[in-house]
1. Look at the stretch 84-105 and say how many of its residues are within 16 Å of the ligand (Cβ to nearest atom) and farther than 18 Å from A182 by Cβ.
2. For the condition at negative phi, in contact with a strand residue (DSSP E or B) (Cβ under 7 Å, 6 or more places away or on another chain) and part of a helix (DSSP H, G or I), what is the one hit in A123, A179, A139, A199?
3. Go through the stretch 28-39 and give me each residue that's within 9 Å of the ligand (Cβ to nearest atom) and either in contact with a His (Cβ under 9 Å, 6 or more places away or on another chain) or among the basic types (K, R) (or both).
4. Collect the residues in the stretch 92-141 that are aliphatic (A, V, I, L, M), in the same structural domain as E173 (by TED's automatic domain parsing) and over 14 Å from the mean Cα position of the chain (by Cα), keeping them in residue-number order.
5. Given the criteria of a type in the set (G, A, S), under 20 Å from the mean Cα position of the chain (by Cα), within 13 Å of the ligand (Cβ to nearest atom) and not assigned by TED's automatic domain parsing to the domain that holds E243, does A46 qualify?
6. Which of the residues belonging to the stretch 28-74 are small (G, A, S) and either under 16 Å from I101 (Cα atoms) or not in a loop (DSSP other than H, G, I, E, B) (or both)?
7. Identify the residue in the stretch 185-229 that is within 8 Å of the ligand (Cβ to nearest atom) and surrounded by fewer than 14 Cβ atoms within 10 Å (Cβ to Cβ) and, among all such residues, is nearest to E27 (Cα to Cα).
8. Quick check on this structure: which one of A182, A198 is within 30 Å of D57 (Cβ to Cβ) and assigned by TED's automatic domain parsing to the domain that holds I101?
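The values are calculated or read from the model by the stated rules, or taken from the named source; none is laboratory data. Bear in mind that the values here come from a model prediction, so they are computed numbers and not experimental data. Every residue, glycine among them, receives a Cβ derived from its backbone with ideal geometry; neighbour counts consider all protein chains shown.
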Amino acid sequence: MDATALARLIRANQPCVVLTGAGVSTESGIPDFRSPTGIWAEFDPAEYASLPAFRADPAKVWRFYKPRIAMLMNAQPNAAHLALAALEQAGFVEAVVTQNIDLLHERAGSRNLVEVHGSIRTATCPACGSRYPREDVVAKLEYADAPACDRCGAILKPDVVFFGELLPADAIERAFELAGRARLLLVVGSSLEVHPVAAVPEETLTAGGRLAIINKGPTPYDRRTDLKLDGSAAEILGAVAAELGAHS
Ligand code: APR
């Protein structure tokens, strides 16, 4: 029933843009941030995921990141990622805007992808600007707790957005531009609590577009959405893709 209603909404309201958060990757074994078992229940983001924390003690931040990068690289796309890629290929999804840094949408086959919080794809030297692919970073982490720059020896910073850091301007501009043109914005697996991304659904609503939300638990937009499905992203999106004849 829920998937049928959502499939109908997607078919009738094109273009449809999708905004994802950590909830789309939990079924790949990657914990989210703010649900009761989320990462921020165990680690203080100000201590491990903020720019001041990284500048004060980069080795400490890497002690948090090192196991996380390994976990992200070993994770596999789940049915939610695959369904979104299939829906894009079938012409039902124009683009995916993701807050996730895990590369799982790209690995699932999504092509029109906007990574507003960066990703683990590369890390950059804050001192000289040298950029390193994740394979080099992982190789460096084999024999060091924190990866150092080959050129100048400074500790590299992951190319993910830390709290207190500006988002990549081109990515956030593209996200708002897509949301402003979307007739339907489908939010999947996000608490919609972190700005500026939390304002993306507002952009769609202000332009006269509609919202649909797949999320376990509440979001600040629940009273302004045409449809709220409080359940598994993998299950619901798998069923929606099947309803629309989009096969991964
Ligand atoms: N299906 C649907 N919803 C789910 C699932 C699932 N399988 N698993 C978890 N959720 C829901 C959670 O209940 C929660 O409401 O997904 C939401 C994830 O919210 P957050 O943990 O806050 O993650 P997110 O919204 O992506 O956080 C935004 O905050 O810490 C920063 O940079 C980090 O990108 C992140 C940003």
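1. 5
2. From the options A123, A179, A139, A199, the qualifying one is A179.
3. If the condition is that a residue be within 9 Å of the ligand (Cβ to nearest atom) and either in contact with a His (Cβ under 9 Å, 6 or more places away or on another chain) or among the basic types (K, R) (or both), then R34 is the only one that fits.
4. Hit for the stretch 92-141 is V93, nothing else.
5. Here the answer is yes, as A46 does meet what is asked.
6. S28, G29, G38, A41, A46, A49, S50, A53, A56, A59, A70
7. Ranking the qualifying residues of the stretch 185-229, first place goes to G217.
8. Of A182, A198, the one residue that is within 30 Å of D57 (Cβ to Cβ) and assigned by TED's automatic domain parsing to the domain that holds I101 is A198.
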